[in-house]
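The values are calculated or read from the model by the stated rules, or taken from the named source; none is laboratory data. Everything quoted here is computed from the prediction, not taken from an experiment. With ideal geometry, Cβ positions are generated from the backbone for all residues, glycine too; neighbour counts draw on all protein chains shown. Surface accessibility is based on the protein's heavy atoms, side chains included, excluding ligands, DNA and RNA. Shrake-Rupley method; radii C 1.70, N 1.55, O 1.52, S 1.80 Å.
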Amino acid sequence: MRLSRFFMPILKENPKEAEIVSHRLMLRAGMIRQQSQGIYSWLPLGKKVLDKVNNIIRDEQNRAGAIELSMPTLQSAELWQESGRYDAYGKEMLRIKDRQDRPMLYGPTNEEMVTDIFRSSVKSYKDLPLNLYHIQLKFRDEIRPRFGTMRSREFMMKDAYSFDLTREGAEHSYNKMFAAYLRTFDRLGLRAIPMRADTGPIGGNLSHEFIILADTGESEVFCHKDFVGFDIPGENTDFDSVEGLKAIFDKWTSLYAATSEMHDEAAFNAVPEGERLSARGIEVGHIFYFGTKYSEPMGAKVQGPDGKEHFVHMGSYGIGPTRLVPAIIEASHDDNGIIWPASVAPFDVVVINMKAGDQACDDTCELIYAALSKAGKDVLYDDTDDRAGTKFATADLIGVPFQIIAGPRAVANGEVEVKDRKTGARETMTIEAAINRFVA
Ligand code: P5A
């Protein structure tokens, strides 16, 4: 992508409305734009990162055996009247009427709708277990939307829903998502700690929030500090192994970890003082087991091996991609801007032409841009006629992991400079070596 043809409206000044660093940097880098309170557009740079985040989430959901579908954002109130949540949900739910005066709503979550899909076609235990997910916009009319897309009113959610014949089966489904979440957040460059949490309006009595430790987090959390160093389940994890996944769950729940709503001061005080971590955190995921809370009132049942009908045991599993993007920035930035982990960086490398219009600089940059693009790298080429200082500041701000800098003096020697955004280390090398560094 040539920067001269891209749309990346950089802000020079710090936006006043931004209280935390991720919000400030997302606005400054031209990733998002607020359209009304708590409702955002994702501009091209932001959209690229969000897509990468979603693809990692999708990859790990698929690996764990979940199946993707797509459900609408607008839902009929009828389904919610069946479950009893239409009245219970309160003011967070945006209620709308269509032209026939039928009550509709902008979905804050999809337990009812997916239960309806399930009951219309699944009749036998032989079709279980089943886990269906989608990545879709939600709306919650939050009292206090803030911090940009960290807590917005319209936001994206990956929501998965599992169906099992028995409680034991449902526990295995829960453990699959538990392990998938550990892998997902690790691939996003984050350390997320599962903590016992309150189930709120989703219901049930078993749930874990996945929390990123960060000073700007909205949640107050308490845990054993060893979680910070625990091993993440590997790529070859067998998601069909009941014992294997139970062992992962048991290990990751063996030490104290709870959000403030579930905090047990006495149990926490039993942790040796030097091993206690009392901190703030960002909730990036939340998983629930709620048994037959929706299947019973909505009549979602299957015939079991005993020939009798059984209400299915369900769980639901949420991740907030539009919250994850700022959470990643909170965890990875410096005074100059964002430092993206390679897995979600909007570009792999930025080529900076320090003197656009200079034949040698132009030729060198074009050569590198073409070679890296041909090798499948996502390259941003800063071909604008901005001052070199502005270009460096922009490249640092948008956090692309590597910069290839072509200035007249180095180019005259057949060389360019390669800068590592994270460490700041700069290395001068031949043009060919710079290309090989990214292609090899
Ligand atoms: C689980 C999937 C649920 O809604 N139903 C379907 C369950 N859980 S939850 O905890 O309420 O939300 C899941 C995740 O969505 C993100 N999230 C938000 N992100 C940005 N702005 C918001 N206002 C917001 N509300 C929830 C969080 O990452 C949460 O863990």
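Answer yes or no: is there a residue in segment 98-105 that is closer than 20 Å to PHE155 by Cβ, without any contact (Cβ under 8 Å) to a residue 24 or more places away in the chain and part of a loop (DSSP other than H, G, I, E, B). So far as segment 98-105 goes, no, none of its residues is closer than 20 Å to PHE155 by Cβ, without any contact (Cβ under 8 Å) to a residue 24 or more places away in the chain and part of a loop (DSSP other than H, G, I, E, B).
Does GLU19 meet the test of being among the acidic types (Asp, Glu) and buried (at least 20 other Cβ atoms within 10 Å of the Cβ)? So GLU19 does not fit the description; no.
Yes/no per residue for (1) among the hydrophobic types (A, V, I, L, M, F, W, C); (2) surrounded by fewer than 23 Cβ atoms within 10 Å (Cβ to Cβ):
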position	(1), (2)
SER152	no, no
ARG167	no, yes
ALA170	yes, no
ARG183	no, yes
ARG196	no, yes
LEU213	yes, yes
GLY217	no, yes
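Would you confirm whether or not segment 216-225 contains a residue that is polar (S, T, N, Q) and at pLDDT below 95? For segment 216-225, residues polar (S, T, N, Q) and at pLDDT below 95: present. Among the residues in segment 82-93, are any open to solvent by 70 Å² or more (accessible area, probe 1.4 Å), away from the ligand (no atom under 14 Å from the Cβ), within 27 Å of LYS308 (Cα to Cα) and more than 27 Å from the chain's Cα centre (by Cα)? Scanning segment 82-93 turns up at least one residue that is open to solvent by 70 Å² or more (accessible area, probe 1.4 Å), away from the ligand (no atom under 14 Å from the Cβ), within 27 Å of LYS308 (Cα to Cα) and more than 27 Å from the chain's Cα centre (by Cα). Applying the criterion of being acidic (Asp, Glu) and in contact with an Asp or Glu (Cβ under 9 Å, 6 or more places away or on another chain) to the residues of segment 120-174, the residue that is nearest to GLY204 (Cα to Cα) is GLU171. Count of segment 283-299 residues, restricted to those that are more than 16 Å from the ligand (Cβ to nearest atom) and either crowded, with 24+ Cβ neighbours inside 10 Å or touching a residue at least 60 places away in the same chain (Cβ under 8 Å) (or both), is 2.
Would it be correct to say that LEU79 is aliphatic (A, V, I, L, M), outside any strand (DSSP E or B), in contact (Cβ under 8 Å) with a residue 24 or more places away in the chain and in contact with a strand residue (DSSP E or B) (Cβ under 6 Å, 6 or more places away or on another chain)? When the stated conditions are applied, LEU79 does not pass them.
Only one of the listed residues (GLY424, GLY399, GLY414) is open to solvent by 20 Å² or more (accessible area, probe 1.4 Å), closer than 23 Å to ALA345 by Cα and of a type outside the set (Ser, Thr, Tyr). That residue is GLY424. So how many residues does segment 311-343 have that are within 16 Å of the ligand (Cβ to nearest atom) and either open to solvent by 10 Å² or more (accessible area, probe 1.4 Å) or more than 15 Å from VAL122 (Cα to Cα) (or both)? Going through segment 311-343 one residue at a time, the tally reaches 18. Looking at segment 240-275, which of the residues that are hydrophobic (A, V, I, L, M, F, W, C) and in a loop (DSSP other than H, G, I, E, B) is least open to solvent (accessible area, probe 1.4 Å)? So, considering only residues that are hydrophobic (A, V, I, L, M, F, W, C) and in a loop (DSSP other than H, G, I, E, B), the one least open to solvent (accessible area, probe 1.4 Å) is VAL271. The conditions of being near the ligand (Cβ under 10 Å from one of its atoms), within 10 Å of GLU283 (Cβ to Cβ) and of a type outside the set (Lys, Arg) are not met by ILE202. In segment 222-229 there is at least one residue matching the filter, namely being under 25 Å from the mean Cα position of the chain (by Cα), away from the ligand (no atom under 16 Å from the Cβ) and either within 30 Å of GLY38 (Cα to Cα) or assigned to a loop (DSSP other than H, G, I, E, B) (or both). Within this structure, LYS308 passes the test of being open to solvent by 30 Å² or more (accessible area, probe 1.4 Å) and more than 14 Å from the ligand (Cβ to nearest atom). Being at pLDDT 95 or above, within 19 Å of the chain's Cα centre (by Cα) and either crowded, with 16+ Cβ neighbours inside 10 Å or more than 21 Å from LEU132 (Cβ to Cβ) (or both) holds for only one residue in LEU105, LEU25, and it is LEU25. Among the candidates ASP363, ASP383, the residue that is open to solvent by less than 40 Å² (accessible area, probe 1.4 Å), at pLDDT 95 or above, within 28 Å of PRO9 (Cα to Cα) and out of contact with any Asp or Glu (no Cβ under 6 Å at 6 or more places or on another chain) is uniquely ASP383. Scanning segment 117-139 for residues that are open to solvent by 50 Å² or more (accessible area, probe 1.4 Å) and closer than 22 Å to MET156 by Cβ turns up ILE117, LEU137.
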